[in-house]
Amino acid sequence: MRLGFIVNPLAGAGGPLALKGSDGLGLNAAAGWAAARAALALKGLIGTGAHLLTGSGAMGADIAIAAGFAPDIVHRPQGPSTGADTTACVEACLAAGAQLIIFVGGDGTARDVLAAAPDVPVLGVPAGVKMHSSVFATSPGAAAAMLGKAMCGPLIDMVDAEVIDRDADGTIRLHGTVKVLSHPARQAAKAARADADAALAGAIAEDAAMVRAAPLCLIGPGLTMHRLKMALAGKGTMLGVDVFAHGALLIENATHAQLLALPGGALLLLGVVGGQGFLLGRGNQQLGPDVLARVQWPPIIIASAAKLAALPRPALLVDTGDAALDARLAGFVQVRTGPRQAMMMRIDAA
């Protein structure tokens, strides 16, 4: 089977820097995040006889060769690869007979893949900052399992999946659909509707009082968390991690380095990505494993009962980039759904 394999080497680099994407960053900012996740996904193809078609260097060839493959290089960027190179590489893979396109990146990369109008299924390996689209496996390990099944097992059904990205003004926009492998390990699209649940407002009010009494709190991204930030300080970022001291905003849109420099023992408050169930690893990569080791665990989680009931599986997902940590975080936690109300939910590695 001939497979296209395209890596955005900058994917995810903006997460620790509290950016909403990685556009404009240099390769030195990426620190190998996308390459490491690409290598994990390729493990599902080892020994299957898959033949890879890819771009030169960091676009895929280096990673494929290191994994033991002998890929055909079908595209060579003139410098550091761009979104146009991703589109051109997908087109070259299709022209060379690719039967499946594997790409490593985030929602911006998915848009670049969509621009090539692939007429074969695609599979996204999550390595970006946001990843609202439903074209991604839940983790690189899940992508490896899906690829192994596709190559060695019975045929997997194909379904249409949305390519979704957040515009510069914060608007979540549907850009189109592509065919993907139908599998439980594929994530759902992010739900974009606002949650005006009155019970949730009560939970936010209760937790605002608790944050005001705490010397240090980290509050994650999302609409629910933004409502909490507004209740506390009348400001705060919806798309980043903010730091509060006794209810006062101390650092807005904190970077990984700023979070790591804080004293240990801070409270951590998180929301849940609607439609997907992600708790960590989607839009909050500032909270790296080293930061998580310094905060109180479990976190305080707030989500409406309706959002939890609508999740595609009854679990909260974590994808920190550290498989051992993801396994250690697994277990049951309370999710606050209203004043003095909570539901027990299981945390699973994605």
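Summary table below
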item: Residue-span extension gain [ALA201 to ALA327] - 0.36 nm each, minus C-alpha spacing; result: 42.2 nm
item: Stokes-Einstein D in µm²/s, Kirkwood radius over Cα pairs - region 252-332 at 4 °C with 1.567 mPa s viscosity; result: 96
item: Residue with peak Gaussian network fluctuation, the chain [Cα springs, cutoff 10 Å], from ALA254, ALA35, ALA310; result: ALA310
item: Net lengthening on full extension, MET230/CYS152 (0.36 nm per residue, minus Cα-Cα); result: 22.9 nm
item: Selected from LYS235, LYS130, LYS179 as most flexible by GNM, with the chain as the system and alpha-carbon contacts under 10 Å; result: LYS235
item: Accessible area expressed per residue, the chain, with surrounding protein chains retained (probe 1.4 Å, Å²); result: 39
item: Region 277-350: trypsin sites (Lys or Arg not before Pro) in DSSP loop, at most 13 other beta carbons within 10 Å; result: ARG340
item: Percent carbon-and-sulfur accessible area, region 248-350, ignoring ligands, DNA and RNA, probe 1.4 Å; result: 56
item: Shape of region 48-181, Cα gyration tensor, a/c cut at 1.5; result: oblate
item: Portion, in percent, of the accessible area of region 65-108 that falls on carbon or sulfur, probe 1.4 Å; result: 54
item: Förster radius 30 Å - calculated FRET efficiency between ASP290 and LYS43 (Cβ-Cβ, nearest 0.05); result: 0.75
item: Shape category assigned to region 221-279 from the gyration tensor of Cα positions, a/c cut at 1.5; result: oblate
item: For ALA342, distant residues with modelled amide H under 5 Å away; result: THR337
item: Region 216-350: proportion of alpha-carbon pairs further apart than 21 angstrom, %; result: 36
item: Given (1) 61, 39, 35; (2) 79, 73, 39; (3) 82, 47, 36, the label whose value is Cα extents along the principal axes in Å derived from this model; result: (1)
item: Computed E for ALA36/ALA342 - FRET, C-beta separation, R0 35 angstrom, nearest 0.05; result: 0.45
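The values are calculated or read from the model by the stated rules, or taken from the named source; none is laboratory data. This one's a predicted model, so the numbers in the text were calculated from it and none came from an experiment. For neighbour counting, all protein chains shown are included, and Cβ atoms are generated from backbone atoms with ideal geometry for every residue, glycine included. Only protein heavy atoms, including side chains, enter the accessible area calculation; ligands, DNA and RNA are left aside. Shrake-Rupley method; radii C 1.70, N 1.55, O 1.52, S 1.80 Å.
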